[in-house]
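First up is the structure itself, then whatever we jot down about it.
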Amino acid sequence: MPSSFDRAQPGTGQSTLAVHLLTSTLALASSLTFAQAADMPMPMKAAAAAPAYQWTGCYAGLNGGGGASGTNFTTLVVPGTYLDAADAAEVTNDGTGSHDTSNFLGGGQAGCNWQTKTLVVGLEGDFDYFRSNSSFVNNTNMLPDLGVPFTINQETSTDYIATVRPRIGVAADRNFGYVTGGVAFTRATYTESYSDADAPSGVGTATATKSLTGWTAGAGWEYALTDHWLFRLEYLYASFPKTNAAGVIAAPGVGANVLQGSSDLVIQVARAAINFKF
């Protein structure tokens, strides 16, 4: 007689089949997941940031803008055989004044820069054509002793301004802000003239032309439009020593006086420039 242990338990076959199906399904799902993971593309790396612009190198270019010149004029008439002490003092006093003038300027520049991290140092030379003419005229006063009107006229003119300057500043990628200072050069022509209404009238002239060396300081901002083309805005202040001249005021057959005059010179420059970096 069969043992009770030989009888199949109810649901045993179905349970075994269910476990088999579940195991097979999990194995298939795992294999499909692994295959899909293997076929997926690898994530792309983030693009590397572009390197910061480097200002090291030499350049040359052109500039243009405006310049303003300011001049202080002084006069000294020494008492002599024509103008006595009172008249000479009047001319000396009335021959003191100042004048400002402005004009366009243009020229070129060249230089080199060296960059270390964000610090940039450089050396630059430039030359600009700048025609200025400051003048001072006083024709409203009278000589107190001779009792006649007189005119005293002074003017100073220039044709150019040139500088040689180190520059130092900070670069932020394609932007470069800097300060600068150095030596400035120009050539000034100073003329002083005198005349009065006496009979015979006294006339006199003192003139001098001199190459001047002064100092300059300023600041600017430069931007690299491309790897080679640079755009700039710049301001410079330049101060020069006095130009002195000596002459004579004379009235024919009457007498003469020594005439001395001087003028100083300040030039301010605001300009834009375009440079090509080699």
**Report entry** Net charge contributed by nearby residues that have their C-beta within less than 14 Å of Val170 (K/R +1, D/E -1)
**Finding:** +1
Query raised in the report: If we count every other residue with Cβ under 10 angstrom of Gly147's Cβ, Lys/Arg +1 and Asp/Glu -1, where does the sum land?
Result: -3
Query raised in the report: Going by the alpha-carbon gyration tensor, a ≥ b ≥ c the square roots of its eigenvalues, is region 57-277 rounded (a/c under 1.5) or, if a/c is not under 1.5, prolate (a/b greater than b/c) versus oblate?
Result: prolate
Query - Length gained when the stretch Asp173-Ala197 is fully extended (0.36 nm per residue, less Cα-Cα span) - result: 1.8 nm
Report task. Treat every Asp and Glu Cβ in region 57-277 as -1 and every Lys and Arg Cβ as +1, leave all other atoms uncharged, and give the resulting dipole magnitude about the Cα centre to the nearest 20 debye. Result -> 1200
Report task. Measure off 7 Å from each Cα along the Cα-to-Cβ vector at Gln54 and Trp229, then give the distance between these two points in nanometres to one decimal. Result -> 2.3
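Every number in this text was worked out from the coordinates using simple rules, so none of it is lab data. Just so it is clear, the structure is predicted and the values come from calculations on it, not from any experiment. Positions of Cβ are backbone-derived with ideal geometry, glycine not excepted, and every protein chain shown enters the neighbour counts.
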